[in-house]
Every structure is written in structure tokens, then in C-alpha cells.
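Peer 1: Just dropping this structure here.
The values are calculated or read from the model by the stated rules, or taken from the named source; none is laboratory data. Remember, it's a predicted structure, so these values are computed and weren't measured experimentally. These area figures cover heavy atoms from the full protein model, side chains too; ligands, DNA and RNA do not enter into them. Shrake-Rupley method; radii C 1.70, N 1.55, O 1.52, S 1.80 Å.
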Amino acid sequence: SYISLLVEYINLVRQFGAHVHVFCVAGNHDYYSTTLVRCAIQGWFQHASDVSVEQDLSPRQHVLYGKSLLTFMHGDDGPTRNYPSIIAAEKPAMWGKSKWRFIFTGHFHTERELPNFGDITVYRMPSLAGSDDYHARKGYRSRKAIIGYVVSKTRGVIATEIAPVI
């Protein structure tokens, strides 16, 4: 059902006429299954010229989109305050070409914009997964949802769209 949901979402975004670049970032509970998801999506859209699937297996994946450096990472490796220096060291050329930097994480499964670090905005995305026994016992609750960020090539993140899962 997860692959079907991804295919449906990718096809929804394709309707806007934009090229869709898919990033599959491994989390702390699905390191190996993320590779299978990447392969399934690559196979599903292998003949679609408007969909590409990032083949990078690193824990942080980056793209320069217009004037924005977008970084996708799970968010379970180290304190959030260290992310900017790690990314600047890993991708100095992209960092230097960008005017805005955005980091998208998901580890804690709650929707939230974290404190800005200069011109860097960190977004924490919600999860489609429900609470398991561990999270319920700890009191970690959040609504299940999928969120999309609208990124302008010249102005960075300009809007978000969230769809709760009922």
C-alpha cells in the first residue's frame, strides 16, 4: 500500500507539469527497505521522462533548486544545531551557490518548523505511520499526515500543503 500511495502522490505532482525528482532517505527503522522502495519507484516510472529517482544512498541527500539548497535527511544523526555545518562541509559548492538553505527531516514524526539557524530553515515532517506500542507508552503522539512544500526557484519555500490521514 505504501508503494501505491507514493505512485499516486508522484502522479498527482506530475499533473502540474513539473519534473518530479524523488528522494528516498533511509530512516533508523527502515534502512534496507528504503532501498527496495527506491527500486520499486524507479521501476514503476522507468519510462516516464518527467520522473527521476535519486540514486544517492547517503544519509543526507542534497539538490540545488534555483537559489535554494534543499537537504533531505532522516534527522536521527546528531543534534539539529550541527546540521548546517555538516551540510556546508559536505556540499561546499552547492552551499556557496545558494541564497537559501532548507533542511527536511522526519525522525520525530511531528510536523514542526524548528528554530532557524541564520538563513537555514529546518522543517520536521509528520509521518504517515500510526503510533506503535513504544510511542504510545512514551506519550509521543502526532497526527498522521503527508506534507508538501512549494519551493520557488527564486524565493525558496513559499507555501506548504498538508493532508491529514484519516
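Peer 1: Could you check TYR149 against (1) open to solvent by less than 70 Å² (accessible area, probe 1.4 Å); (2) of a type in the set (Ser, Thr, Tyr); (3) at pLDDT below 75 and say which number it fails?
Peer 2: Failing condition for TYR149: (3).
Peer 1: Among residues belonging to the range 39-98 that are part of a loop (DSSP other than H, G, I, E, B) and of a type in the set (Gly, Ala, Ser), point out the one that is nearest to the chain's Cα centre (by Cα).
Peer 2: Taking the candidates together, the pick is GLY75.
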